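**Student:** Below: one structure in structure tokens.
Each value in this text was obtained by applying a stated rule to the coordinates, not by laboratory testing. Small disclaimer: the values here were computed from a predicted structure and weren't measured. So basically every Cβ, Gly included, is an ideal-geometry build from the backbone, and we count neighbours across all protein chains shown.
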Amino acid sequence: MKAAVYHGPRDIRVEDVPVRDMEDNEVRIQIKYCGVCGTDMHIYHGDSGSFPVVPPLIPGHEFSGVVTEVGRKVKRLKVGDRVSGDPNVMCGECYFCKNKMEHFCTNNIGVGTTADGGFAEYVTMRASHVYKIPDNMDFLTAAMSEPMSCCVHGIDLCNIKPGDTVLVMGAGPIGIIMLQLARMAGASKLIMSEPVASKRDLALKLGATAVVDPIHDDVEAFLASYTKNVDCVIECAGLTATEADALRFAGKGATVMFFGLTGPDDTIPLCPDQVFKKELHITSSFINPYTFSRAIDILASGQVDVKSIIANILPLEELPASFENAEMRRAGKIMVKLSE
């Protein structure tokens with residue numbers, strides 16, 4: 001089969017590779033679409049992502065497809081089922097799995113991070129982590145199930161109440177999803193901070209009640225004039241500067257969600273007095289525990305628009321070049337189309 005294989009930092013090649021043998025509890029999926037994630041970019045540049053990566057590896061963990069083969073012990077799925085897959089397969093045996101913290105599993109298998117993933121014509125994975133999608137859901141939308149599941153976990157940790165004011169920083173694909181989930185959670189004022197005008201326009205179209213340009217506007221002055229208190233800040237840009245700003249912009253008793261991925265060695269200044277005087281709740285969100293089914297239900301409901309954030313759909317052969325094309329990535333979500 002054709003697959004994009006990561007061989008080391010800044011070295012990913014489309015190659016012919018064998019389809020691996022399937023275990024009795026696994027299924028084989030013909031991939032339709034697979035999305036490029038920020039984690040894939042970290043892997044490409046040699047960072048570990050959510051889990052340590054050992055090349056050669058086929059990345060890609062945001063995918064949809066059709067089941068083409070099932071293992072002998074698989075009863076719930078059949079050939080022809082339309083599916084998406086949760087890439088994080090936990091052992092069920094370690095301390096964290098036994099204590100309702102399975103996303104911290106010490107024996108995790110990460111499809112696309114520690115095991116071969118979806119930038120290939122086929123992926124083979126544990127049937128327990130494969131989810132059927134509704135008949136009325138197209139494969140492009142279904143490939144957004146994994147990022148949606150991560151966002152659902154993050155929004156849960158934000159503890160947004162009806163009537164809250166929420167500031168989202170960064171209108172990339174994740175920021176736009178978080179904006180819409182915050183609206184669903186009941187926020188009455190939704191502010192998007194984003195330097196690109198077209199992305200601010202998209203944010204307004206998809207539920208923002210106000211937008212601000214962090215490069216040319218005085219964000220603190222704008223917030224002071226627009227709301228009595230910023231109850232939650234969701235940082236989605238993954239930059240040390242914006243994470244430091246998130247602490248400044250947060251209001252009294254606010255939750256500050258560091259959702260964007262920085263480099264593994266990045267640090268930011270933190271003033272404990274600021275945290276103390278505002279009684280901030282600083283948190284982050286690690287992968288997607290217990291949220292994949294909810295993510296599919298949200299996508300099926302049509303309440304969150306994910307099509308508008310997809311800027312480019314590429315054939316597999318063009319994937320390696322896209323990792324070096326910063327302008328293409330800035331435009332929005334990149335999807336790789338693997339089959340009709």
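**Student:** I need the per residue convex hull volume for segment 151-284, using only the alpha carbons, in cubic angstrom as a whole number.
**Tutor:** 97 Å³
**Student:** Do you know the relative contact order of the chain, to the nearest whole percent, from alpha carbon pairs under 8 angstrom that are 6+ apart?
**Tutor:** Relative contact order, the chain: 19 percent.
**Student:** Given +1 on the Cβ of Lys and Arg, -1 on the Cβ of Asp and Glu, and no further charges, what dipole in debye does the chain carry about its Cα centre, rounded to the nearest 20?
**Tutor:** With only Lys, Arg, Asp and Glu charged at Cβ, the dipole is about 960 debye.
**Student:** What is the helix-to-structure angle for 145-158, meaning the angle in degrees between its Cα long axis and the longest Cα principal axis of the chain, kept from 0 to 90 and rounded to the nearest 10?
**Tutor:** It is inclined by approximately 30 degrees.
**Student:** In a shell of Cβ-Cβ distance under 15 Å around Met148, excluding Met148 itself, what net charge do Lys and Arg (+1) and Asp and Glu (-1) give?
**Tutor:** -3
**Student:** Let me ask something else about it. At Asp47 and Tyr226, where each label point lies 7 Å from the Cα along Cα→Cβ, what is the point-to-point distance in nanometres?
**Tutor:** The two pseudo-label positions are separated by 2.7 nm.
**Student:** Also: Identify the GluC sites (Glu not before Pro) of segment 1-108 meeting these criteria: DSSP loop state and at most 16 other C-beta atoms within 10 Å of the C-beta.
**Tutor:** Of the GluC sites (Glu not before Pro), the ones in loops of segment 1-108 whose Cβ has at most 16 other Cβ atoms within 10 Å are Glu23, Glu93.
**Student:** Given the Cα-Cα distance of Asp16 and Phe104 and 0.36 nm per residue of separation, how much length would full extension add, in nm?
**Tutor:** Answer, rounded to one decimal: 28.3 nm.
**Student:** Per the Kirkwood treatment, what hydrodynamic radius in Å, one decimal, follows for segment 205-340 from the mean inverse distance over all distinct Cα pairs?
**Tutor:** Result for segment 205-340, one decimal place: 18.0 Å.
**Student:** With point charges of +1 on the Cβ of Lys and Arg and -1 on the Cβ of Asp and Glu, referenced to the Cα centre of the chain, which listed residue (Val275, Ile133, Ile58) lies farthest in the positive direction of the dipole?
**Tutor:** After comparing all options, I get Ile133.
**Student:** Shifting gears a bit: Assign one of three labels to segment 77-166, namely rounded, prolate or oblate, based on the Cα gyration tensor with a ≥ b ≥ c the square roots of its eigenvalues; rounded applies when a/c is under 1.5, prolate when it is not and a/b is larger than b/c, and oblate otherwise.
**Tutor:** Oblate, since a/c reaches 1.5 and b/c is not below a/b.
**Student:** Between Asn325 and Asp297, what is the FRET efficiency for a Förster distance of 35 Å, r being their Cβ-Cβ separation, to the nearest 0.05?
**Tutor:** Plugging the Cβ-Cβ distance into 1/(1 + (r/R0)^6) gives 0.55.
**Student:** Still on this structure: If you fit an axis through the alpha-carbon atoms of helix 292-301 and take the longest principal axis of the Cα set of the chain, what angle between them do you get, 0 to 90°, nearest 10?
**Tutor:** Tilt of helix 292-301: around 70 degrees.
**Student:** Using the 10 angstrom Cβ neighbour count as an exposure proxy, how do Met335, Met169, Met184, Met41 rank, fewest first?
**Tutor:** In order of increasing Cβ crowding within 10 Å: Met184, Met41, Met335, Met169.
**Student:** Let me ask another. Please determine, in degrees from 0 to 90 and to the nearest 10, the orientation of helix 240-249 with respect to the longest principal axis defined by the Cα atoms of the chain, where the helix direction is its Cα long axis.
**Tutor:** 40 degrees
**Student:** Which three extents, in whole angstrom, do the alpha-carbon atoms of segment 57-211 cover along their principal axes, largest first?
**Tutor:** Answer, in whole Å and largest first: 54, 36, 29 Å.
**Student:** Moving to a separate point now. 222 nm [θ] for the chain, helices only, -39500 (n - 2.57) per DSSP H run of 4+, per residue, to 500?
**Tutor:** -7500 deg cm²/dmol, from helical runs alone.
**Student:** Taking the Cα centre of segment 294-334 as the origin and placing charges on Cβ (Lys, Arg +1; Asp, Glu -1), which of Leu316, Ala331, Ser301 is farthest toward the positive end of the dipole?
**Tutor:** Towards the positive end, the residue furthest out is Ser301.
**Student:** Provide the descending list of Cα extents for the chain along its principal axes, expressed in whole angstroms.
**Tutor:** For the chain, the Cα extents along the three principal axes come out at 61, 43, 40 Å.
**Student:** Same structure again: What is the count of Lys pairs in segment 151-284 whose alpha carbons sit under 25 Å apart, if the two are 8 or more places apart or on different chains?
**Tutor:** Close lysine pairs under the 25 Å cut-off: 18.
**Student:** Rounded to the nearest Å, what's the spacing between the alpha carbon centres of segment 111-164 and segment 178-205? Just the number, please.
**Tutor:** Here the two parts' Cα centres lie 21 Å apart.
**Student:** With just the Cα atoms defining each centre, how far is segment 300-340 from segment 20-74? Give it in Å.
**Tutor:** If you average the Cα positions of each part, the centres end up 17 Å apart.
**Student:** In nm, what is the difference between 0.36 nm times the number of residues separating Val196 and Lys75 and their Cα-Cα distance?
**Tutor:** Full extension of this stretch gives 38.7 nm more.
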